1. Subtract the Cα-Cα distance of Lys214 and Asp135 from 0.36 nm times their separation in residues, and report this length gain in nm to one decimal.
2. Search the structure for amide H atoms under 5 Å from the amide H of Arg208, placed 1.01 Å from N in the peptide plane, and list their residues when 5 or more places away or on another chain.
3. Would you work out the relative contact order for the chain, in percent, from Cα pairs under 8 angstrom that are 6 or more residues apart?
4. Roughly how many Å is it from the Cα centre of region 35-98 to that of region 113-127, as a whole number?
5. Taking a 23 Å limit on the Cα-Cα distance, which of the listed pairs Lys79/Lys298; Lys104/Lys149; Lys104/Lys273; Lys79/Lys149; Lys149/Lys298 fall beyond it?
6. Among 162-169, 293-300, 151-158, what's the highest-first ranking by average C-beta atoms within 10 angstrom per residue?
7. As an exercise, use a Förster radius of 30 Å and the Cβ-Cβ distance of Glu311 and Thr12 to find the FRET efficiency, rounded to the nearest 0.05.
8. Could you check the simple spin-label distance between Glu28 and Thr280, using points 7 Å along Cα→Cβ, in nm with one decimal?
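Just so it is clear, none of the values below were taken in a lab; they were calculated from the coordinates. These numbers were taken from a predicted model, which means no experiment stands behind them. Note that each Cβ is placed from the backbone with ideal geometry, even for glycine, and that neighbours are counted across all protein chains shown.
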Amino acid sequence: MSAETLVDELATRIAADRDSVPAHWRVEPQAAARAIREIHDLARARNAILLAHNYQLPEVQEAADFVGDSLGLALEARKTTADVIVFCGVHFMAESASILNPGKRVLLPNLSAGCALADSITPESLLQWKARYPDHAVVTYINSSAEVKALSDICCTSANAVSVVRSLPTDKILFTPDRNLGNWVAKQVPEKEIVVYDGACPTHDVLRGASVEKTRAEHPDAVIIAHPECREDILAIADEVCSTSGMIAAVGRHPEARTFLIATEWALIHQLKTRYPDRTFIPADGCIGCRLHCPYMKAIDLGMVRRALVEDVFEITVDPEDAALARRALERMMAVPRDR
Ligand code: SF4
């Protein structure tokens, strides 16, 4: 395939879900496609792999070698043979990639790509909770710092949180830091005593049931697919509750449905539109990109990815002692399969 045909194909994919992208985030498809071609050449020259989360900008997703949820990205990071991992996601994800790949160079193109949920739990606050619940095993969502993971018995993602809790030999669990995910897991595993930490993702926690009901009234036949970081009343009316990659699979379980309300960050719609071009996907609050928007996940653009490869920035490293303990918690997590 010629270079120009490749650019045209990429441009078509970038433009495919243009209506789902907020106007101020739209890029010129041909220019973005040419930038991606250059990034691919740079990556090849450095034996680098580009990993991107499902919430990244559509053109960054198109640039990536692999796009997925936190669990998929961690697994992909562990098995890569590349020398350099350019992580298009947020800081804790790049940190996890670094922990799992001690010999590799992990780059995060923008150090401002943090995570408010991960920031809601610090080592000090976890130590306080552990002191209050000394008999409880600590299950920590991957959305957390390396130091917090190092203090945890096992990590989980939204893709395997229920299975992780079920896999533990103890019935006493301290689940950190997301309260919505923790409360949802507690409902699925009522036989265990689960104490839930009081953190939340502002992007999901801001979504209100009344907004989803209003959107559903406009699309009464729509299937509601929600991320478990959403509030309890939304999860109660959802037809499917799953991680971002789980949401993509969930659409396939509803072959008759034409319309889906998506209760998670808006950029997932790019993956959904790519996989299911004949279906309609609507943000669950009916608002394109103004509320279900994670500013951290939108901190990386193609220019920054290019700069990361050219200038070798910004390397993410982890204190070796924390890394060893955090690696143990992450590897235990990765040994547990997805919930479904
Ligand atoms: S969507 Fe929420 S949990 Fe995910 S990176 Fe953004 S702030 Fe963190």
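1. 24.0 nm
2. none
3. 22
4. After rounding, the separation between the Cα centres reads 24 Å.
5. Table pairs above 23 Å Cα-Cα are Lys79/Lys298; Lys104/Lys273; Lys149/Lys298.
6. 151-158, 293-300, 162-169
7. Here the calculated transfer efficiency is 0.45.
8. 3.2
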